[in-house]
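The values are calculated or read from the model by the stated rules, or taken from the named source; none is laboratory data. Note that this is a predicted model, so its numbers are computed, not measured. Glycine gets a Cβ as well: all are built from the backbone with ideal geometry, and neighbour counts include every protein chain shown. Surface areas here come from the heavy atoms of the whole protein model, side chains and all, with no ligands, DNA or RNA. Shrake-Rupley method; radii C 1.70, N 1.55, O 1.52, S 1.80 Å.
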Amino acid sequence: MGKNKLKRFAENATFDHVFQPVQKELVEVDHEMKGKWHSFFKNDHPITLELGCGGGEYTVDLAKRYPERNYIGIDIKGARLWKGARIAYDEKLTNIAFIRTRIHNITSFFNQEDGIDELWITFPDPQPREGKSKKRLTSLALLEKYREFAHKNCIVHLKTDSRFLFDYTLHEVIKAEGLKLHTMSEDVYQDYNSGPLVEVQTFYEKIWLKDGLKIHYLQFTLFP
Ligand SMILES: C[S@@+](CC[C@H](N)C(=O)[O-])C[C@H]1O[C@@H](n2cnc3c(N)ncnc32)[C@H](O)[C@@H]1O
């Protein structure tokens, strides 16, 4: 393992706002923060989750824009989420936390008490092979998990370069499930000129933009 990665892992371990449970703990019992995130943030503000957050660009930017909300970035890769965790630490942003875990364990971390009413899913791996469809972060299987803890009015934002994932989510999830589609865009930089959708660019988004790919967006309700 590279020195840089080890340094980031070590620093993550010192941050109070980074949670890194041991996988085995989650299989046996829920995480101790489940239902208690308001005590961590020391307020009862609503919470947004960024799923597959990588460096947490949306988590950090939205937390600065909307200090009256709390933000939690989740990713399995500790060296990636360290970037956002480090910025939150340096800039003393108190409405941010990160969790290093697999999204499949997400119900071990949250329940209805946590006030989660918004999910951002930013450039998730599209997982085009049928055998891996349950791994798509917008799959029905995972949406069912999100519904276990999210509020009835929860909004989902999907930002992706993948036409495959955009079409799958639109037709096989939103339409098939009777979810309400609030907004859709096949090319956000053509359709918008302000707001977080175009003012925040993630690490992967910058790569896809350099390659000339169009960025797609769907905003929909989690519940029918
Ligand atoms: C293509 S990257 C996008 C990262 C970031 N949102 C961005 O746009 O730069 C996908 C991210 O999702 C994470 N990821 C994929 N599947 C995951 C899962 N099941 N649980 C947690 N993280 C996952 C990966 O570790 C990776 O950081």
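Below 10 angstrom from the Cβ of Q127, what's the summed charge of the other residues (Lys, Arg +1; Asp, Glu -1)?
Counting the neighbours of Q127, the net charge comes to +3.
Where the centre of each part is set by its Cα atoms, how far does region 105-179 sit from region 1-64, in angstrom?
The two parts, judged by their Cα centres, are 19 Å apart.
With θ set to phi - 60°, apply the Karplus curve 6.51 cos²θ - 1.76 cosθ + 1.60 along region 217-223 and write out the HN-Hα couplings as whole Hz, x wherever there is a Gly or Pro.
8, 10, 10, 8, 7, 6, 10
I want the local charge near C53. Using Cβ-Cβ distances under 11 Å, sum +1 for each Lys or Arg and -1 for each Asp or Glu among the other residues.
Residues close to C53 contribute a combined charge of +1.
If you take the beta carbon distance between S133 and K64 as r and set R0 to 41 Å, what does 1/(1 + (r/R0)^6) give as a FRET efficiency, to the nearest 0.05?
The pair S133/K64 has a calculated efficiency of 0.70.
Taking square-rooted eigenvalues a ≥ b ≥ c of the alpha carbon gyration tensor, is the chain rounded, prolate or oblate, where a/c under 1.5 means rounded and, failing that, a/b exceeding b/c means prolate?
rounded
Can you spot the lysines whose alpha carbon is less than 18 Å from K214's alpha carbon? Ignore those fewer than 8 places along the same chain.
Within the straight-line cut-off, K214 pairs with K159, K206.
Which FRET efficiency, nearest 0.05, do S194 and K77 yield, Cβ-Cβ r, R0 22 Å?
According to the calculation, E is roughly 0.10.
Let me make sure I get this right: for region 1-117, a, b and c are the square roots of the gyration tensor eigenvalues over alpha carbons, sorted descending. Under 1.5 in a/c it's rounded, otherwise prolate if a/b > b/c, else oblate. Which is it?
Taking the square roots of the gyration eigenvalues as a ≥ b ≥ c, region 1-117 is oblate.
List every residue whose amide H lies under 5 Å from the amide H of I99, counting only residues 5 or more places away in sequence or on a different chain, with H placed 1.01 Å from N in the peptide plane.
When sequence neighbours closer than 5 places are left aside, the close amide H contacts are F19, G73, I74, D75.
Rolling a 1.4 Å sphere over the protein heavy atoms, what is the accessible area per residue of region 47-221, to the nearest Å²?
45 Å²
Per residue of region 96-111, in order, report the coupling 6.51 cos²θ - 1.76 cosθ + 1.60 (Karplus, θ = phi - 60°) as ³J(HN,Hα) in whole Hz, putting x for Gly and Pro.
Result, rounded to whole Hz: 10, 9, 10, 10, 9, 6, 7, 4, 4, 8, 4, 6, 6, 10, 9, 9.
Can you work out the FRET efficiency for the pair K180 and I207, with r the C-beta to C-beta distance and R0 = 25 Å, to the nearest 0.05?
Efficiency for this residue pair is about 0.20.
What nm distance separates the two modelled labels at Q20 and H171, each placed 7 Å from Cα along Cα→Cβ?
If labels sit at Q20 and H171, their model points lie 4.2 nm apart.
Please report the carbon-and-sulfur percent of the accessible area for the chain; probe 1.4 Å, protein heavy atoms only, DNA, RNA and ligands left out.
51 percent
Working out 0.36 nm times the residue gap between M1 and E91, then minus their Cα-Cα distance, what length gain in nm do you get to one decimal?
My answer for the length gained is 29.5 nm.
From the phi of every residue in region 45-52, what ³J(HN,Hα) in whole Hz does the Karplus formula 6.51 cos²θ - 1.76 cosθ + 1.60 yield, where θ is phi - 60° and glycine or proline is x?
Working through the residues one at a time gives 5, x, 10, 10, 10, 10, 9, x Hz.
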